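Structure first, then comments.
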Amino acid sequence: MRNLVLYAPPAAGKGTLCEKLEKDYGYSIISIGQVLRNNRNPETEIGKAIIETQDKGILTPDDIVAKALAIELKKYTGKPIVLEGYPRNISQAIALDKVLNNYSVIVIQISREEAMKRALGRVTCSNCHKIYNIYDKALSPKKEGICNECGAKLDIRSDDNEESFNKRFDIYEENAPTIIDYYQNKNILHLVDGSVTKDDIYNQVKEIIKGSKND
Ligand SMILES: [Zn+2]
């Protein structure tokens with residue numbers, strides 16, 4: 001099975017997709033945030049650099065991230081992986097080619113408006129953790145602010161606000177054209193319509209996996 005690289009703006013449905021790919025296909029999900037956390041080690045040069053930058057709240061430099069990723073990927077030799085959250089820019093895309101081969105790139109495309117509705121409309125039950133979306137008829141609770149399942153109060157997710165969402169979307173929009181071009185030229189790009197339901201996103205991805213088996 002081919003490795004997959006998942007590239008998408010915030011709130012495009014990556015989390016659900018990764019869960020399904022792990023469960024149904026046995027992919028190991030490698031998220032770059034987790035890679036950096038795994039390599040926070042004061043005994044190594046790379047680990048020290050990660051700790052230093054993260055503790056200052058600044059971005060870890062590309063070359064350090066690439067090295068940490070290389071260490072992590074070695075653990076999965078021969079096993080299919082989904083890489084998530086990397087590359088975020090063209091220099092990371094070029095660095096990735098040195099440490100990963102035989103992969104397809106899946107880009108989930110969704111408009112800012114739609115992604116924002118999903119990110120900001122999301123509410124979670126404080127008791128049973130069922131997820132609703134107040135902007136989506138099919139996913140909104142029957143009674144405003146109350147869980148359908150258990151009747152408890154719904155909490156708004158605190159990490160989603162318009163400003164932080166827009167910042168993350170800006171970064172995506174800034175880098176997406178060059179990254180998409182890069183993979184288009186390598187003939188490993190697959191575009192997925194992210195405006196549809198999570199099941200329909202998954203169906204598109206399944207077709208891509210089916211197709212790439214015959215490559
Ligand atoms: Zn509930």
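Of the numbered criteria (1) within 22 Å of Ile171 (Cα to Cα); (2) within 18 Å of the chain's Cα centre (by Cα), the one Leu73 fails is (1).
Can you name the residue in the range 106-126 that is within 16 Å of the ligand (Cβ to nearest atom) and not aliphatic (A, V, I, L, M) and, of all such residues, is farthest from Cys150 (Cα to Cα)? The selected residue is Arg122. When Leu59, Leu69, Leu4 are checked against the criterion of being out of contact with any Pro (no Cβ under 9 Å at 6 or more places or on another chain) and surrounded by 15 or more Cβ atoms within 10 Å (Cβ to Cβ), a single residue qualifies: Leu69. For the range 45-63, a residue qualifies if it is part of a loop (DSSP other than H, G, I, E, B) and either over 24 Å from Ile94 (Cβ atoms) or without any contact (Cβ under 8 Å) to a residue 12 or more places away in the chain (or both), and the qualifying residues are Gly57, Ile58, Leu59. For Lys74, indicate whether it is touching a residue at least 12 places away in the same chain (Cβ under 8 Å) and among the basic types (Lys, Arg). It is false that Lys74 is touching a residue at least 12 places away in the same chain (Cβ under 8 Å) and among the basic types (Lys, Arg).
Going by the conditions given, is Val205 among the aliphatic types (A, V, I, L, M), part of a strand (DSSP E or B) and touching a helix residue (DSSP H, G or I) at 6+ places or on another chain (Cβ under 7 Å)? When the stated conditions are applied, Val205 does not pass them. For the range 185-204, a residue qualifies if it is exposed (fewer than 12 other Cβ atoms within 10 Å of the Cβ) and under 20 Å from Leu139 (Cα atoms), and the qualifying residues are Asp193, Asp199. Test Ala66 against the stated conditions and say whether it is assigned by TED's automatic domain parsing to the domain that holds Ile201 and outside any loop (DSSP other than H, G, I, E, B). Answer is yes for this residue.
If I filter the range 108-124 down to residues being touching a Gly at 6+ places or on another chain (Cβ under 9 Å) and crowded, with 18+ Cβ neighbours inside 10 Å, which single residue comes out as farthest from Glu162 (Cα to Cα)? Among those residues, the one meeting the criterion is Ile108.
All of Asp159, Asp136 fail the test of being more than 16 Å from the ligand (Cβ to nearest atom), modelled with pLDDT under 90 and in contact with a helix residue (DSSP H, G or I) (Cβ under 8 Å, 6 or more places away or on another chain), apart from Asp136. Quick one: would you say Leu83 is of a type in the set (A, V, I, L, M), in contact with a strand residue (DSSP E or B) (Cβ under 6 Å, 6 or more places away or on another chain) and either assigned by TED's automatic domain parsing to the domain that holds Glu174 or in contact (Cβ under 8 Å) with a residue 60 or more places away in the chain (or both)? Considered against the rule, which asks whether it is of a type in the set (A, V, I, L, M), in contact with a strand residue (DSSP E or B) (Cβ under 6 Å, 6 or more places away or on another chain) and either assigned by TED's automatic domain parsing to the domain that holds Glu174 or in contact (Cβ under 8 Å) with a residue 60 or more places away in the chain (or both), Leu83 comes out as yes. Checked against the criterion of being crowded, with 16+ Cβ neighbours inside 10 Å, among the small types (Gly, Ala, Ser), over 18 Å from the mean Cα position of the chain (by Cα) and modelled with pLDDT of 90 or more, the range 85-99 has at least one qualifying residue. Here His129 fulfils each of the conditions (1) within 10 Å of the ligand (Cβ to nearest atom); (2) out of contact with any Phe, Trp or Tyr (no Cβ under 7 Å at 6 or more places or on another chain); (3) at pLDDT 90 or above apart from (3).
Checking each residue in the range 83-111 for being within 19 Å of Thr60 (Cβ to Cβ) and acidic (Asp, Glu) picks out only Glu84.
The values are calculated or read from the model by the stated rules, or taken from the named source; none is laboratory data. On a predicted model such as this, the values are computed, not experimentally measured, just so you know. When we count neighbours, we look across all protein chains shown, and the Cβ atoms used for this are built from the backbone with ideal geometry, even at glycine.
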